[in-house]
Amino acid sequence: MSHQPDERQLSLNAFLHDTGHHEASWRHPESGAERIGDIAWFQDIARKVEAAKLDAVFLADGPAWWGTGHRPSNNFEPITLLTALATVTERIGLISTASTTFYEPFNLARLFASLDRISGGRAGWNIVTTFSEDAAYNFGLDGVPSHEERYARAQDFIDVVTKLWDSWEDDALVVDRESGDYVDTSKVHAIDHVGPYLKVRGPFSAPRTPQGRPVYVQAGSSNEGRAFAARNAEAIFTAHQTIEDARAFYDDIKSKARALGRNPDHVKVRPGISPFIADTTAEAEELSQYFNRLTVPAYGLTQLEKMAGTSLRHLELDERVPVEVFGGAGNVLDNNRSRRQVVANIVERDRPTLRELLHRLAGGRGHNVVAGTPVQVADTIQEWFEGGAADGFNVMPPLYPQLLDAFTGQVVPILQDRGLFRTEYAGTTLREHYGLPRPDSQYADEPALAVGT
């Protein structure tokens, strides 16, 4: 494949995940399993990602123990971790997951505003609603609200947080020693938000951050998730096994955003890709199979049952998974649980045995796992990027740091040679990396409301 440089460039995030995205990565003899509780482990990885000029590092999170002894669980609260990474890097974006179901909007607004300010404008918020019952129990709840109610609260939540971050106009901070005015209060606005779920007076407690507000990221691909993303998200992380499914999702999101009056170029779609990279195709395939031989079937089965919403314990490992288990969830444009839909597509298309399905999911939990040479991996990325299926990718190395090093050291240079990816950063903020505008305060030029009374 050849490519002439143009204005459209790939964006590439590194999705951080303890020892790697393959569920058995920690069992690899060269894994960093003993180090993942050490902040230096993540700081070293962040420096590597920045040296390769990638857009961002991304942290998923769920406020609960995963409930199994077969895989490492989260050691760090993600915003705190990313703040520590901000102090040893200068350009790399820092994207953290935080739940609209379990946070309060003012607290979340303070946390992300602090990260954006400390990092010099590199923060992104991955907005999730959290379906985990285990997480709900940790917050004193008897369960999580329905899928539809969680997204309704999420919209109310993001409306509040946006208003809070906008409540100081950009020139509200004056620091006039002569007059004694530190803040021009005519440019600070109470928000007086009263919504279906939330009531917040405001204003925010600090000036606008370098980016105006952090980049809004969303990772849900259900019907409600797509509608929410089309209205709010500036970047969307998604999971697809085939270019056809990815293209259908891409077209759907862009058309929904356009219908809402948004610029579809400001809604960046980034599927996950988990690459096994070796000098030959055969060596890459063997590497993938080696990792799969390290898996613990009981762990993978537990995760699969959560996605399927039903028990599969009656199946033998070498028995084919019945299509009926997923109840026709494979329709890419008609679904209620996005990851369940991805798994249903695999079952309906490939008719795998239970063992084969567990191996397919072990590498990326439904994201696209590819095994090949650096050129083959670059070809896949280019095909999806130029074929209307992606604006970039969430790179999910199966093993940290070795397969991150293989990607940044061997695949990225190929993408750079083809004119698809930057060789130097053009800006300093995550918005600049993503090609997104800095938003104006929605309160600019409006009369100030009474504050501080």
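To keep it simple, each residue is scored yes or no on (1) surrounded by fewer than 18 Cβ atoms within 10 Å (Cβ to Cβ); (2) touching a Leu at 6+ places or on another chain (Cβ under 9 Å); (3) not in a loop (DSSP other than H, G, I, E, B).
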{"position": "GLU7", "(1), (2), (3)": "yes, no, no"}
{"position": "LEU12", "(1), (2), (3)": "no, yes, yes"}
{"position": "HIS21", "(1), (2), (3)": "no, yes, no"}
{"position": "PRO29", "(1), (2), (3)": "yes, no, no"}
{"position": "ARG35", "(1), (2), (3)": "yes, no, no"}
{"position": "ALA46", "(1), (2), (3)": "no, yes, yes"}
{"position": "LEU54", "(1), (2), (3)": "no, yes, no"}
{"position": "PHE58", "(1), (2), (3)": "no, yes, yes"}
Determine the pairs where a residue that is free of Cβ contacts under 8 Å to residues at least 60 places away in the same chain and closer than 20 Å to HIS22 by Cα, located within segment 343-366, has a partner that is acidic (Asp, Glu) and part of a loop (DSSP other than H, G, I, E, B) with Cβ atoms under 8 Å apart, the partner being 6 or more residues away or on another chain. THR353/ASP318; THR353/GLU319; LEU354/GLU316; LEU354/ASP318; LEU354/GLU319; ARG355/ASP318
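One line per residue, one yes/no per condition, for (1) part of a loop (DSSP other than H, G, I, E, B); (2) at pLDDT below 85; (3) surrounded by 13 or more Cβ atoms within 10 Å (Cβ to Cβ):
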{"residue": "GLY272", "(1), (2), (3)": "no, no, yes"}
{"residue": "PRO275", "(1), (2), (3)": "no, no, yes"}
{"residue": "GLU283", "(1), (2), (3)": "no, no, yes"}
{"residue": "PHE291", "(1), (2), (3)": "no, no, yes"}
{"residue": "GLN303", "(1), (2), (3)": "no, yes, yes"}
{"residue": "MET307", "(1), (2), (3)": "no, yes, yes"}
{"residue": "VAL332", "(1), (2), (3)": "yes, yes, yes"}
{"residue": "ASN335", "(1), (2), (3)": "yes, yes, yes"}
{"residue": "VAL343", "(1), (2), (3)": "no, yes, yes"}
When residues of segment 368-383 are filtered for being more than 18 Å from PHE291 (Cα to Cα) and among the hydroxyl-bearing types (Ser, Thr, Tyr), how many remain? 1
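Hey, can you tell me all the residues within segment 163-189 that are crowded, with 19+ Cβ neighbours inside 10 Å and either touching a residue at least 40 places away in the same chain (Cβ under 8 Å) or acidic (Asp, Glu) (or both)?
To start, the set of residues in segment 163-189 that are crowded, with 19+ Cβ neighbours inside 10 Å comprises 163-169, 172, 187-189.
Matches in segment 163-189: LYS163, LEU164, TRP165, ASP166, SER167, TRP168, GLU169, LYS187, VAL188, HIS189.
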Taking segment 184-202 only, how many residues are farther than 22 Å from ILE127 by Cα, in contact with a strand residue (DSSP E or B) (Cβ under 6 Å, 6 or more places away or on another chain) and not charged (D, E, K, R)? 1
In segment 358-367, which residue that is out of contact with any Pro (no Cβ under 7 Å at 6 or more places or on another chain) and closer than 13 Å to VAL296 by Cα is modelled with the highest pLDDT? HIS359
Go through (1) outside any loop (DSSP other than H, G, I, E, B); (2) of a type in the set (Phe, Trp, Tyr); (3) free of Cβ contacts under 8 Å to residues at least 60 places away in the same chain for PHE112 and report which single condition fails. (3)
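Looking only at segment 94-105, filter to residues that are in contact with a Ser or Thr (Cβ under 8 Å, 6 or more places away or on another chain) and not in a loop (DSSP other than H, G, I, E, B); which one of those is surrounded by the fewest Cβ atoms within 10 Å (Cβ to Cβ)?
First, the residues of segment 94-105 that are in contact with a Ser or Thr (Cβ under 8 Å, 6 or more places away or on another chain): 94, 99-102.
Right, trim to not in a loop (DSSP other than H, G, I, E, B) and you get 94, 99.
Numbers: LEU94: 28, SER99: 23.
Checking each candidate, the answer is SER99.
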Condition (residue is farther than 25 Å from GLU133 by Cβ and part of a helix (DSSP H, G or I)) applied to segment 70-79: is it met by at least one residue? no
Provide a single number: the residues in segment 361-383 that are touching a Ser or Thr at 6+ places or on another chain (Cβ under 9 Å) and among the aliphatic types (A, V, I, L, M). 4
Being modelled with pLDDT of 95 or more and either surrounded by fewer than 24 Cβ atoms within 10 Å (Cβ to Cβ) or touching a Leu at 6+ places or on another chain (Cβ under 6 Å) (or both) is the filter here, so list the residues in segment 231-243 that pass it. ARG231, ASN232, GLU234, ILE243
Name the pairs: first residue in segment 397-418 and farther than 20 Å from ASN368 by Cβ and free of Cβ contacts under 8 Å to residues at least 24 places away in the same chain, second residue polar (S, T, N, Q) and surrounded by fewer than 18 Cβ atoms within 10 Å (Cβ to Cβ), Cβ to Cβ under 7 Å, at least 6 apart or on different chains? GLN416/THR423
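Conditions tested, residue by residue: (1) of a type in the set (Phe, Trp, Tyr); (2) modelled with pLDDT under 95.
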position: HIS21; (1), (2): no, yes
position: ARG35; (1), (2): no, yes
position: ALA40; (1), (2): no, no
position: PHE76; (1), (2): yes, yes
position: ILE79; (1), (2): no, no
position: LEU85; (1), (2): no, no
position: GLY93; (1), (2): no, no
So which residues in segment 7-48 are within 14 Å of LEU81 (Cβ to Cβ) and of a type in the set (Val, Ile, Thr), if there are any at all? ILE36, ILE39, ILE45
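The values are calculated or read from the model by the stated rules, or taken from the named source; none is laboratory data. Bear in mind that the values here come from a model prediction, so they are computed numbers and not experimental data. Neighbour counts are summed over all protein chains in view; Cβ atoms, including those assigned to glycine, are modelled from backbone coordinates with ideal geometry.
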